[in-house]
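Data first, discussion second: the structure below is written as structure tokens.
The values are calculated or read from the model by the stated rules, or taken from the named source; none is laboratory data. Please read these numbers as outputs of a predicted model, since none were measured by experiment. As a convention, Cβ positions derive from the backbone with ideal geometry for all residues, glycine included, and neighbour counts pool all protein chains shown. These area figures cover heavy atoms from the full protein model, side chains too; ligands, DNA and RNA do not enter into them. Shrake-Rupley method; radii C 1.70, N 1.55, O 1.52, S 1.80 Å.
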Amino acid sequence: MELAYIPSPSHGVLHLGPIPLRGYAFCIIIGVFLAVWLGNKRWIARGGRAGTVADIAVWAVPFGLVGGRLYHVITDYELYFSEGRDWVDAFKIWQGGLGIWGAIALGALGAWIGCRRRGIPLPAWADAVAPGIAFAQACGRWGNWFNQELYGRATDLPWALHITSSTDGRVPGYYHPTFLYESLWCVGVGFLVIWADRRFKLGHGRAFALYVAAYCVGRGWIEYMRVDDAHHILGLRLNDWTAMVVFLLAVVYIVISSRLRPGREEIVEPRADEDAPAAGDESVATEGAADKSEGTSDAGTADKGDAEDKAEAKGKDEDKAESGTGDGSVDLGKESVSESTATADSATTADSAGPASAPESEDGSGSVARDEAGSAKKG
């Protein structure tokens with residue numbers, strides 16, 4: 001008996017009255033919401049509009065679910081169409097069985113339709129949602145834990161997965177938890193894409209191609225550990241060959257794309273750029289209104305200040321006028337005193353000079369008399 005192990009749930013479904021709540025479905029739903037949330041944040045950071053990722057996901061997610069189920073049914077057709085099997089089970093997606101390769105392929109078709117309707121480039125949208133898809137896969141793999149499926153070879157490691165179900169050919173025991181390995185690997189892939197995108201400014205679908213290539217590396221060695229039934233080609237499981245081919249295609253795309261279209265898209269959603277000036281105009285109008293209000297307030301304050309200055313100046317003028325009137329009275333007084341003093345001085349001078357000036361007058365009168373006599377004699 002193992003002392004340490006990862007237990008498996010006894011039931012993969014809970015019933016809320018007549019409504020079944022399946023753990024596998026919950027894991028997928030949580031993953032979808034996580035991918036859309038993170039993709040929306042990255043899309044806005046690239047210059048796109050909020051909600052665009054969700055609008056396109058409405059197309060991509062259903063296509064992806066159908067594609068994933070088709071890939072699983074086609075590659076494991078004996079589970080549904082062989083003798084003793086019920087082909088109706090092929091539609092019971094809640095029982096598990098989604099192939100990531102078909103989900104990505106047909107999901108990309110749905111995303112292309114959504115992007116075409118919105119008029120945005122598919123590679124730019126794929127770059128935005130790439131790490132979110134990796135995190136969504138990490139969540140979705142826990143659905144395999146609820147269903148007790150997709151485990152590896154037997155092991156005695158302390159993190160071994162304890163399988164208790166014996167249905168569909170399962171053998172109870174302790175096995176490698178390959179679902180956990182792939183979940184952790186996908187988390188690492190998501191963070192790798194985020195780091196590389198920030199470091200190298202990946203664009204034109206290269207971030208998505210990096211996600212595909214990195215996932216394929218992990219899927220290769222994890223798939224090699226699994227013991228569930230699968231088709232083999234030259235000794236390797238079919239998914240191993242698929243991982244190698246897809247890895248090569250992703251690497252080739254990265255190399256060719258970086259040469260043909262280096263850098264990153266400057267505009268990912270044209271209508272988002274059209275909305276930005278409108279928002280800028282509203283801001284300018286708001287700022288203009290605020291400036292106008294401030295200007296009116298300043299003008300009112302200035303007018304009030306001018307009125308106060310005028311009143312103060314008027315008061316000063318009145319005070320000056322009053323002081324000027326007083327000064328004028330003093331000056332008139334001074335002038336009267338000066339005139340009186342001058343008159344007194346003149347009188348004193350005349351009195352003192354009277355005897356001396358009389359002879360001069362007499363002499364002047366004599367001179368005039370002599371001139372008149374001389375003129376009469378000549379005549």
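Would you mind calculating the gained length between residue 82 and residue 201 on full extension (0.36 nm times residue separation, minus the Cα-Cα distance), in nm to one decimal? Please list the in-between numbers first.
On the way: separation 119, 0.36 × 119 = 42.84 nm, distance 5.00 nm.
Going from the current span to full extension adds 37.8 nm.
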Exercise. In region 125-158, which residues have a backbone nitrogen under 12 Å from the label point lying 7 Å from residue 19's Cα in the Cα-to-Cβ direction?
Worked result: none
For this session: For residue 6, list long-range residues whose amide hydrogen, built 1.01 Å from N in the peptide plane, is under 5 Å from its own amide hydrogen.
Result: 160, 161, 162
Seminar exercise, completed: If each K or R counts +1 and each D or E counts -1, the residues other than residue 87 whose Cβ falls under 14 Å of its Cβ total -2
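Expected output is a single nm value to one decimal: the length gained when fully extending between residue 267 and residue 30, i.e. 0.36 nm times separation in residues minus the C-alpha distance. What is it?
Details: separation 237, 0.36 × 237 = 85.32 nm, distance 3.04 nm.
Stretched fully, the residue 267-residue 30 segment lengthens by 82.3 nm.
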Exercise. Expressed in nm to one decimal, what extension gain is obtained for the pair residue 238 and residue 192 from 0.36 nm per residue of sequence separation less their Cα-Cα distance?
Worked result: 13.9 nm
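Identify the GluC sites (Glu not before Pro) of region 1-102 meeting these criteria: DSSP loop state and at most 15 other C-beta atoms within 10 Å of the C-beta.
Values: sites: 2, 78, 83; in loops: 2, 83.
Qualifying residues, ordered by number: 2, 83.
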Exercise. In nm, to one decimal, how far is the modelled label at residue 74 from the one at residue 170, with both set 7 Å along Cα→Cβ?
Worked result: 2.9 nm
Problem set entry | Relative contact order (%) - region 87-246, alpha-carbon pairs under 8 angstrom, separation at least six | 24 percent
For this session: Whole number in Å², please: accessible area per residue of region 1-124, 1.4 Å probe, ligands, DNA and RNA not counted.
Result: 59 Å²
For this session: Determine the order of 225, 244 by accessible area, beginning with the largest, at a probe radius of 1.4 Å.
Result: 244, 225
Problem set entry | In Hz, Karplus ³J(HN,Hα) per residue of region 143-156 (6.51, -1.76, 1.60; θ = phi - 60°; x = Gly, Pro) | x, 5, 5, 4, 8, 6, 9, 6, 10, x, 5, 5, 8, 10
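Where the accessible area of region 133-189 is counted over protein heavy atoms with a 1.4 Å probe, how much of it, in %, is carbon and sulfur? Could the numbers behind the result be given before it?
Values: 1580 of 2370 Å².
After summing per-atom areas, the C and S share lands at 67 percent.
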